[in-house]
Amino acid sequence: MIGRSDRADATRRVWLEAIERHRHDADRSASPDYWSPRLDTASRDEIRAIQDDKIASVAPFLYENSDFYRHRFDRLSLVPSDLRTVDDLIAKWPVIDKLEMAEDAAREPPYGSFTTMNAAIWRDRGWMMFSSSGTTGPPRVFRYSHVDRELWAWANARALQAMSFGKGDTVFMVTGYGPHVWAWGVQYALAKMGLPTLPGGGMDARARANVVIRYRPTILLCTPSYALHLGRTLETLGTDPRNTAVRMLFVAGEPGMSVDATRARIQELWDARLVEFYGCTEASPHVGGFSCAHSQPPKGPVTTHLLEDVQVWETVDPHSLKSQQDGERGLTVCTNLNSESSPQLRFLVGDYTAFDRSRCPCGRNHVRAVGSFSGRADDLINLRGIKMFPGQIEHAVRSIDGIGDEFEIVILTNPDGLDVMTVRVEHHAGESVAAAVAEEIRTRCEVRAMVEVLTPGTLPRTEFKAARVKDRRQKH
């Protein structure tokens, strides 16, 4: 009689074989235009066939190797063979949200039971542990194997080549290399591509600015907020960022492409192109979304590609969580089909966008997020029943000439019990600017906000990921 341990090992082998079956051009780029022409220019039918083949293999693997998934299958009265295609998945498998995963992590500390990493695999080929931010419940912790490391490097390299990373570039990694997935995966992709890097951890802004001046990197990896901060630091040292060797700003961690005014401000400050990665620790730890050469068209909205031969992407209605048609704005959901340690089925990433699966001028048929990603549902501000994203307020703030790079959104409950919002900005002027910002916020967000104008340099500078919202409301 075959025991569960034997079934777990057998389904793991089948799953890893399915991944390898579709990992073309694993070690090097096959052409100047595409890392893997066979995958990067695959037709819609070819993309769907790859997704279906992987789903049929990953469902048994998850059932036998993850108690979280095994219990969920049983609770839904499903068996692994019920999920054999993308259509099966969407029709039969309800989305998984962060709360469900966080509750599992609380029941089964410290790792939870949602990953397929076990103690034996960790001892044999464990690579690194990563963690979600913990902003929604306890942090979700993931241990990844060296198999995952190689899969990340391959997928990321494909996206970096699409962004025009290539020979002659030096990448300055402006990151602290904490337990967050983005920079680590990019580091291994750059090694696969044979590109040099400058490590930027453990430095303050002035030290990093001097690296830009002295060693002349061509690409900066940082958050959008830090791109502004580092540029301003260069100016205080007497160097115009536009005169450095930097030709591209590679950002992630917070909305960048989707905020038109911020994107324009960064690109003008550096005279360099902005590109971005999109993903999440739980279901898209390597690249999910990425910019191609046509992501900023002369007319129309920006777009961000998603890598569909390794993930299934869809949007769902924010209220019903039902899958939507392309073109409908909803919340992003990701099925990760490129991991030994953390494949996930229909995880609610939760950013608002609309999808377009028509062929891109770059030659890819992989889905694009129109307008990129405008804000995560977790970040949604609800003020007296009016809902808005920090990005909408950022649009309003950036639209006023002379406003500084830093701003804050402070929400509190006044003595009358009313929730009110104050936006704090920096500018040399006073009341006239406050009125202009307040009017822009009212027009764009349909809410009245107080605006406080501070002397430039008052607000703390953003070192990494910006925390713009200070919610100090009374909890009822």
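The values are calculated or read from the model by the stated rules, or taken from the named source; none is laboratory data. The shown structure was predicted, so the numbers you read here are calculated from the model rather than taken from an experiment. Positions of Cβ are backbone-derived with ideal geometry, glycine not excepted, and every protein chain shown enters the neighbour counts. With ligands, DNA and RNA removed, areas are computed over all heavy atoms of the protein, side chains included. Shrake-Rupley method; radii C 1.70, N 1.55, O 1.52, S 1.80 Å.
For this structure, a couple of remarks:
- Distance in nm between pseudo-label sites at THR455 and SER320 (7 Å out along the Cβ direction from Cα): 5.7 nm
- Here LYS470 is the anchor, and the lysines within straight C-alpha reach of less than 18 Å, apart from those fewer than 8 places off in the same chain, are LYS387.
- Listed peptides 258-266, 216-224, 120-128, 154-162 appear in the order 154-162, 216-224, 258-266, 120-128 once ranked by packing, highest mean of other Cβ atoms within 10 Å at the front.
- Inter-part distance, the stretch 53-105 to the stretch 169-207, computed on C-alpha centroids, equals 35 Å.
- The long axis of helix 98-107 is offset from the longest Cα principal axis of the chain by roughly 70 degrees.
- The distance between label points at HIS428 and ARG38 comes to 6.1 nm (points 7 Å beyond Cα on the Cα→Cβ vector).
- Debye equation applied to the C-alpha atoms of the chain, log10 I(q)/I(0) at 0.10, 0.14 Å⁻¹: -0.77, -1.45
- Protein heavy-atom accessible surface, 1.4 Å probe, per residue over the chain: 42 Å².
- With respect to the chain, whose longest principal axis is taken over its alpha-carbon atoms, helix 181-193 is tilted by about 70°.
- Relative to the dominant Cα principal axis of the chain, helix 205-215 is inclined by about 80°.
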